[in-house]
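Remarks on the structure that follows.
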Amino acid sequence: MDDLIVFCVTCNRPLQTAITASLTGIELVQLFIPFILLGLLTAFLGYKALAFENNPKKVLSITPLVATACVLGIGLGGFIDGIVFHQILQWHEMVSAKIVPLDFTSKSVNMFWDGIFNAFTFFITFFGIILLHRLLQHNTLFKHQNLFIGGLLLGWGFFNLIEGILNHHIFKFHSVKDFDVNPQIWNLSFLAFSILIIVLGCFLIYKIKNPSYENWRTNTEDIK
């Protein structure tokens, strides 16, 4: 039973103390700044996605689906980061540049902050699913795979830029590959990839910026 307590965060008082003391007050504020910025961006995109409901006659727009897909892209981009870099490759963890995971305690502290990160990306993704469900109730909205895929890429790119610039370069909580000989190469490559997928997302969206009328799905009863 004693061995089990070691692996239980809610039962292990020294581990709880280590988590509490893992970051200073300033570092804790810095850690949540990317979450706050991404949350504000998500709220703005949610507003843009549902603004048409206040003016149902103005529905021939690419904005609702793009904004919704962008929210999903932010959430899924976070999951990609967490699953691939944190868990599968284990190149870094949330605060692995501050608390180097060399033993059980430091690994568990990083795992705790990874959990906070994953909880955030879950709520963003869940919000995106709700937005998508709301949009699918309206046949008058323009739906095209380019808008959806392009929006996903935009959201993924926005997530990478905000998280990468703040956590990798400004606050230095971790690098893409913490224990590489030259981690900055990985950090800069991460930003370059982020810009690339944003450009690709914009290309897919603006490729159909002025679609022909026959591509619209309309239902006159929804806009009376």
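Taking the beta-carbon count within 10 Å as an exposure proxy, list 114, 180 from fewest neighbours to most.
Final ranking by Cβ density, sparse to dense: 180, 114.
Counting other C-beta atoms within 10 Å, which of 93, 27 has the fewest, and how do the rest follow?
27, 93
Among 168, 86, 92, 138, rank each residue by its count of other Cβ atoms within 10 Å, from fewest to most, as a rough exposure measure.
Least to most surrounded, the residues fall as 138, 86, 168, 92.
Only one of the listed values, (i) 40, 20, 13; (ii) 25, 19, 18; (iii) 33, 20, 15, was derived from the coordinates as semi-axes √(5λ) of the Cα gyration tensor in Å; which label is it?
(i)
With r as the distance between the Cβ atoms of residue 102 and residue 50 and R0 = 35 Å, compute the FRET efficiency 1/(1 + (r/R0)^6) and round to 0.05.
0.15
Under a point spin-label approximation (7 Å from Cα along Cα-to-Cβ), what is the residue 139-residue 193 distance to one decimal in nm?
4.2 nm
Around residue 143, which amide H atoms from residues at least 5 apart in sequence, or from another chain, sit under 5 Å from its own amide H, with H modelled in the peptide plane?
Under 5 Å from the amide H of residue 143: 217.
Work out which helices of the chain, taken as complete DSSP H runs, extend at least 15 Å along their axis over the Cα atoms and score a mean Kyte-Doolittle of 0.5 or more, then list them.
Passing helices, by number: 25-50, 63-80, 104-136, 145-163, 183-206.
Could you work out the relative contact order of the range 47-186, using alpha carbon pairs under 8 angstrom and six or more residues apart, expressed as a whole percent?
Rounded, it is 39 percent for the range 47-186.
Spin-label point model (7 Å from Cα, Cβ direction): what's the residue 208 to residue 11 distance in nm?
5.4 nm
Since every read-out is calculated from the coordinates, none of them should be taken as a lab result. Since we're looking at a predicted model, the values are computed, not measured. Glycine gets a Cβ as well: all are built from the backbone with ideal geometry, and neighbour counts include every protein chain shown.
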